[in-house]
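One structure below.
The values are calculated or read from the model by the stated rules, or taken from the named source; none is laboratory data. Just so we're clear, the structure is a prediction, and the values are computed from it rather than from any experiment. Quick reminder, even Gly has a Cβ in these numbers, built from the backbone with ideal geometry, and neighbours come from all protein chains shown. Keep in mind that these areas ignore ligands, DNA and RNA; they rest on the heavy atoms of the full protein, side chains included. Shrake-Rupley method; radii C 1.70, N 1.55, O 1.52, S 1.80 Å.
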Amino acid sequence: MKKIALFSIPAHGHTNPMLPVAKELVERGNKVRFYSFNEFEQKINNTGAVFVSCDSFLPELTSEEEQKIKNISLTEMSIQDIRITLAMNDFLEKEFKEFKPDVVYTDSVCFWGKLNAWKYNVPMVVSTSTFAFNEFSSKYRKLKPAELADMIFGLPKISKELKTLEPYGYHVKNTLSLVQNDNSTDSIVYTSENFQPCSESFSDHYLFAGPSVFSKVMPLKKKDRPLVYISMGTVINERPDFYSKCIEALKALNVDVIISYGKFMDISILGTLPENVKAYPYVDQLDVLSKTDVFITHCGMNSVSESLYMAAPMVLYPQTGEQYAVARRVTEINAGTMLNDDSAEGIRNAVQEILNNNSYSEAAMKCCEDFRSCPGTKGAAEFIENAPHTSDGIDIISELHKSRGKLMLCYWLIAIAVLVAAGFLIGWSYVWIVGVAAGVLSTPIVNVIQDKQYEKLAEKKRKLKS
């Protein structure tokens, strides 16, 4: 039996995947404390873990701060996470000294969980509720200009806030070290190796456990007519304009429609619903998805994972960079189509594309089978119990970092030789043009070479595993 401390932020998408794992840890005889927030108390109690409320440490937000968080501002969320860490310092110091956890299992962006694991030298396993992102898989993200601006202009603010942690024994190099995945940290990712982009670039410190869900129900698609399910998740779900267009698009089709619109929107704004449309503030999503033929989704990782777990192909409508990465991966395996035209006609065409083309449902079923073959919650619990882990396999990122310096040296030796030759051939007054061109081309040329090296190392790694 081990004593295990769980930490998550006040967000459904980050907390929900940890719940089935918490239940498994308890059932295996471990003593589990889950440091979370009152809205999740009942769910956590249902796992058998001891719920520890952290609501009193949440700062009071101004309306501007609250709106930024609703808009998924990474800057604002990071600043608030740092402030919560400071507010919880004395409380968690007492908890760590009295409970003395053997392992910390914490959400990847829960700063107070990660920082206190480091501070008290407790083995840590990170719960990654999205894809694992490193320098390779991050290429899947497509940041909107507002997201990019938020990151660039927010870094100085976050760096300033990070300095307030130093006097309390929290030593952080930079924001990236707190949020980005690295190959030396034990991590659980709730997807399969096949679905994770660039999975070969992650070390043996990673367990791709598959979707973390309670339901073991198999997909049940046989019914009188197709079911279309619509949900924009639990954060940016106040979208009456989008729901109205979906209703207009689908009211005349021979389909049943279920809309899950969240707890904040006034449903009366949609007016009288057509006979084939039902709308609810909340549904049992896994149960609905087990019967769903087309899922119109914002592409949150949990929603997409649950959809594929239940073999439901998707119309993809991502709203953030992370969601775009998930949507891109779904299109690559042909389990969904991107909604590039969000008019009523565009929505109708996208839904009919999936209903009329069996390749989408076949791809979703293939992914469903892949997900269900993963280690699951039992494998995740065992991984946590046995932390810390070692990695003896090929670390592709480490190998590429070592070779990059040599590549750059070779590149510039060749470039200098070309510069000298150019000086003799075309005259020294024009050499600066060649020099500027060499500087501009250095990074893309080296990146192309490293991409080829990556493929060779990835193939070697795949062969060793097979």
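How about segment 319-355: which of its residues are touching a residue at least 60 places away in the same chain (Cβ under 8 Å) and within 22 Å of residue 147 (Cβ to Cβ)?
Residues satisfying the conditions are 319, 320, 321, 322, 324, 325, 326, 328, 329, 342.
With segment 271-352 as the region, which helices (runs of 4 or more DSSP H) entirely inside it contain at least 1 residues that are surrounded by fewer than 18 Cβ atoms within 10 Å (Cβ to Cβ)?
Details: elements: 285-291, 301-309, 321-332.
Per the criteria, 285-291, 321-332.
What number of residues within segment 239-264 are surrounded by 17 or more Cβ atoms within 10 Å (Cβ to Cβ), without any contact (Cβ under 8 Å) to a residue 40 or more places away in the chain and either within 22 Å of residue 39 (Cβ to Cβ) or β-branched (Val, Ile, Thr) (or both)?
So the count comes out to 8.
Out of 113, 29, which single residue is in a loop (DSSP other than H, G, I, E, B) and out of contact with any helix residue (DSSP H, G or I) (no Cβ under 7 Å at 6 or more places or on another chain)? So that I can check it myself, show each step before the final result.
Values: 113 fails: in a loop (DSSP other than H, G, I, E, B).
When all the criteria are applied, what remains is 29.
Could you tell me whether residue 464 is part of a helix (DSSP H, G or I), open to solvent by less than 80 Å² (accessible area, probe 1.4 Å) and either under 19 Å from residue 416 (Cα atoms) or of a type outside the set (Val, Ile, Thr) (or both)?
Numbers: part of a helix (DSSP H, G or I): yes; open to solvent by less than 80 Å² (accessible area, probe 1.4 Å): no; either under 19 Å from residue 416 (Cα atoms) or of a type outside the set (Val, Ile, Thr) (or both): yes.
For residue 464, the condition - part of a helix (DSSP H, G or I), open to solvent by less than 80 Å² (accessible area, probe 1.4 Å) and either under 19 Å from residue 416 (Cα atoms) or of a type outside the set (Val, Ile, Thr) (or both) - is not met.
Return the pair list, or none, for Cβ contacts closer than 6 Å from residues in segment 14-43 that are farther than 23 Å from residue 109 by Cβ to residues that are outside any helix (DSSP H, G or I), at least 6 apart or on different chains.
Matching pairs, first to second residue: 26/32; 26/48; 26/49; 29/1; 30/1; 30/2; 30/4; 31/3.
Quick test for you: out of 312, 364, pick the one residue that is in contact with a strand residue (DSSP E or B) (Cβ under 9 Å, 6 or more places away or on another chain), without any contact (Cβ under 8 Å) to a residue 60 or more places away in the chain and within 18 Å of residue 217 (Cβ to Cβ). Quick ask: steps written out before the conclusion?
Values: 312 fails: without any contact (Cβ under 8 Å) to a residue 60 or more places away in the chain.
So the residue among 312, 364 that is in contact with a strand residue (DSSP E or B) (Cβ under 9 Å, 6 or more places away or on another chain), without any contact (Cβ under 8 Å) to a residue 60 or more places away in the chain and within 18 Å of residue 217 (Cβ to Cβ) is 364.
A quick yes/no check of all residues on (1) surrounded by fewer than 14 Cβ atoms within 10 Å (Cβ to Cβ); (2) under 30 Å from residue 20 (Cα atoms); (3) touching a residue at least 60 places away in the same chain (Cβ under 8 Å):
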| site | (1), (2), (3) |
| --- | --- |
| 375 | no, yes, yes |
| 383 | no, yes, yes |
| 390 | yes, yes, yes |
| 405 | yes, no, no |
| 424 | yes, no, no |
| 442 | no, no, no |
